[in-house]
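Worksheet for the structure shown next.
The values are calculated or read from the model by the stated rules, or taken from the named source; none is laboratory data. All of these numbers come straight from a predicted model, not from anything done at the bench. Here the Cβ positions follow ideal geometry from the backbone for every residue, glycine too, while neighbour counts run over all protein chains shown. What goes into the accessible areas is simple: the full protein's heavy atoms, side chains included, and nothing from ligands, DNA or RNA. Shrake-Rupley method; radii C 1.70, N 1.55, O 1.52, S 1.80 Å.
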Amino acid sequence: MNPKTIKSTQEIINLLESDFKDNLHLKDKHFYFIDTLIRHRADRKSIYLSSKLLKKTFGDRPYKAIVNYFVDNGIVECTQNYQDSRYYYNKYKLLSGVKKLVEYQLTYKPLIKIIDYFHQTNYNSLLDFEKQVLHNIEQLQLPSNFDVPSLYMKKSKNTGRLFHTLTNMPENQRKHLKHVDNIRLGELDGKNAQLVMLSDMFNDDEVFNDAVYGGEFYQQLAGEMGIDISIDSKKREFKRKFFNSILFNSNRAVIANSKYGVAFKKLYPITFHHLIDMDKNISKASQLQSSESNLFINNITRDLVKNGMFAIPIHDAFIINMDDIDKVQKIINDNCYSILGRLISMSIKEFCPTIDINGTTYNYLYEKGEAKEERKEERKNNTHTAVYMVQSDSMVGQNKKTAIMNEKINVITAAIKTLMEDNQKITVRKIQEVSGVAKSTVEKHYKQIIYDLNNQKELEI
């Protein structure tokens, strides 16, 4: 970890060197506080700093001592102004002249880590609910089988998309994330989100709208082209080529003449002509992603956090507390009705943190500098190298998954029985509508369920 260069005055350097001598962490924190005021031009006018920000930077207790030190020495003037919720905002003015500044090297690693944190997460530019999302990420742990990624957060100026540590994490790692307080984590995923945004953009093609909202779009398009997408890898490749050929392509000739374009035009002529007529100088990808971000980030995530729920958005998906699923779904539905006028289809997967049947060790995605140094000292006297240890029997994870699947099968069975009693034709779509279970799960089990129910009837006869 490289030293950080800051600026101060020779007068302050001499004072801190004299008063703190070999106490590196206190000396560096005092230097960084003055550097903060200098960067905010507090020598020219009073500036606001929140107690929350100061606590996060310098520690809950030390920050007041740092402020008082400079006030007592006549270097800083501090006046209390107002309180927002439970945090105070004070005004600070640097009374020392800053015409001749001298560079100073910060070397205290935990403080440098915190400084990097503010830089990598763009913390000061985040909205309050986005800061809470960042805090939620900090509460997660990843099995030590995987490398711990860097903590970062960035918001796209063009689309409003929120990029952070988890957005690029592979699904096979993400599903093993664990919360420090052991809450049940799961991922709620909006189906066909960008197609939904395209549907909402024009909203005059009922055939296209029904295919998108009903989850049948890719099957219909692939069927028209004679392509089998029953295997997940083939479906992903099909979707990638469709997006590149049609949705995110600005070349009208390619859109019109590609095999994807020909099939799309035949099935959904109204939406096809809208795509052809769109201004080629305006990125369709940016437009759709902006609409997606407005719904998923600016509205749903905001409301989830506002209502005290654990939420981490991943573009068109959310990591949530599974115990809040009903409340989460209501907030999603309310926003979808308000913005889209209809509901969006969601799929859900529960995380399974345990990997090793004998015990899984975990590392935090982010540890505060000082806490990490303390843990290093603890490990010197401890045979365990883990931050967190879970001992488990051979069925941990499997038990929960089996129970969830059995529950889904029971729901599908009840839906089929209802359709039979009403003498309705039994199709995957009708079962899905009645049961609310994901299409892929219905397709996997419905034939066996019907077979078992028919056999049961024959035995009763």
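Out of region 53-79, which residues are assigned to a strand (DSSP E or B) and in contact with a helix residue (DSSP H, G or I) (Cβ under 6 Å, 6 or more places away or on another chain)?
At the first step, the residues of region 53-79 found to be assigned to a strand (DSSP E or B) are 76-79.
Within region 53-79, VAL76, CYS78 meet the criteria.
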>> Residue under question is ASP189, and the condition is that it be modelled with pLDDT of 90 or more, in contact with a strand residue (DSSP E or B) (Cβ under 7 Å, 6 or more places away or on another chain) and open to solvent by 30 Å² or more (accessible area, probe 1.4 Å); does it hold?
In response: yes
>> I'd like to know if region 325-336 contains one or more residues that are under 21 Å from HIS164 (Cβ atoms), without any contact (Cβ under 8 Å) to a residue 40 or more places away in the chain and buried (at least 20 other Cβ atoms within 10 Å of the Cβ).
In response: yes
> Which residue pairs have Cβ atoms under 9 Å apart, sit 6 or more places apart or on different chains, and have a first residue in region 100-128 that is at positive phi and a second that is open to solvent by 30 Å² or more (accessible area, probe 1.4 Å) and among the charged types (D, E, K, R)?
Replying inline: ASN122/LYS154; ASN122/LYS155
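Can you work out which of the residues in region 192-208 that are of a type in the set (Asp, Glu) and surrounded by 15 or more Cβ atoms within 10 Å (Cβ to Cβ) is farthest from HIS315 (Cα to Cα)?
Taking region 192-208 and keeping what is of a type in the set (Asp, Glu), we get 200, 204-206.
Right, trim to surrounded by 15 or more Cβ atoms within 10 Å (Cβ to Cβ) and you get 200, 205.
On the way: ASP200: 18, ASP205: 26 Å.
The selected residue is ASP205.
Being open to solvent by 30 Å² or more (accessible area, probe 1.4 Å) and of a type in the set (D, E, K, R) is the requirement here; does LYS178 meet it? Steps first, answer last, please.
On the way: open to solvent by 30 Å² or more (accessible area, probe 1.4 Å): no; of a type in the set (D, E, K, R): yes.
So LYS178 does not fit the description; no.
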>> Residue pairs, Cβ under 6 Å, 6 or more apart or interchain, first in region 59-73 and among the aromatic types (Phe, Trp, Tyr), second open to solvent by less than 60 Å² (accessible area, probe 1.4 Å) and not in a helix (DSSP H, G or I). List them.
In response: PHE70/VAL76
> Can you pull out the residues in region 212-236 that are without any contact (Cβ under 8 Å) to a residue 40 or more places away in the chain, in a helix (DSSP H, G or I) and open to solvent by 70 Å² or more (accessible area, probe 1.4 Å)?
Replying inline: ASP232, LYS234, ARG236
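Quick grid of which residues meet (1) of a type outside the set (Lys, Arg); (2) at pLDDT 90 or above; (3) closer than 16 Å to VAL98 by Cβ:
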| residue | (1), (2), (3) |
| --- | --- |
| LYS4 | no, no, no |
| ASN14 | yes, yes, yes |
| HIS25 | yes, no, no |
| LYS29 | no, yes, no |
| SER51 | yes, no, no |
| LEU54 | yes, no, no |
| VAL67 | yes, yes, no |
> Which one is surrounded by the fewest Cβ atoms within 10 Å (Cβ to Cβ), of the residues in region 250-272 that are free of Cβ contacts under 8 Å to residues at least 12 places away in the same chain and more than 20 Å from VAL212 (Cβ to Cβ)?
Replying inline: ALA253
> What single numbered condition from (1) open to solvent by less than 10 Å² (accessible area, probe 1.4 Å); (2) at pLDDT 90 or above; (3) part of a helix (DSSP H, G or I) fails to hold for ILE246?
Replying inline: (2)
> Hey, does region 273-289 have a residue that's in contact with a helix residue (DSSP H, G or I) (Cβ under 9 Å, 6 or more places away or on another chain), buried (at least 17 other Cβ atoms within 10 Å of the Cβ) and of a type in the set (Val, Ile, Thr)?
Replying inline: no
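Wholly within region 136-185, which strands (runs of 3 or more DSSP E) include no fewer than the required count, namely at least 2 residues that are more than 13 Å from the chain's Cα centre (by Cα) and touching a residue at least 40 places away in the same chain (Cβ under 8 Å)?
Ranges flagged: 140-143.
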>> Just the residues that are open to solvent by less than 60 Å² (accessible area, probe 1.4 Å) and more than 14 Å from LEU15 (Cβ to Cβ), please, taken from region 68-79.
In response: CYS78
> Within region 272-365, which strands (runs of 3 or more DSSP E) (wholly inside it) include 1 or more residues that are modelled with pLDDT under 90?
Replying inline: 346-350, 360-364
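Do we find that LYS239 is on the phi < 0 side of the Ramachandran plot and touching an Asp or Glu at 6+ places or on another chain (Cβ under 8 Å) in this structure?
Details: on the phi < 0 side of the Ramachandran plot: yes; touching an Asp or Glu at 6+ places or on another chain (Cβ under 8 Å): no.
In short, no.
Would you be able to say whether some residue in region 80-93 is open to solvent by 10 Å² or more (accessible area, probe 1.4 Å), over 20 Å from ASN2 (Cβ atoms) and in a loop (DSSP other than H, G, I, E, B)? Talk me through it step by step, then tell me what you get.
Step one: of region 80-93, the residues open to solvent by 10 Å² or more (accessible area, probe 1.4 Å) are 80-91, 93.
Still in the running and over 20 Å from ASN2 (Cβ atoms): 80-91, 93.
Now drop any that are not in a loop (DSSP other than H, G, I, E, B), which leaves 85-86.
For region 80-93, residues open to solvent by 10 Å² or more (accessible area, probe 1.4 Å), over 20 Å from ASN2 (Cβ atoms) and in a loop (DSSP other than H, G, I, E, B): present.
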> SER46 fails exactly one of the following numbered conditions: (1) farther than 13 Å from LEU94 by Cα; (2) among the hydroxyl-bearing types (Ser, Thr, Tyr); (3) surrounded by fewer than 19 Cβ atoms within 10 Å (Cβ to Cβ). What is the number of that condition?
Replying inline: (1)
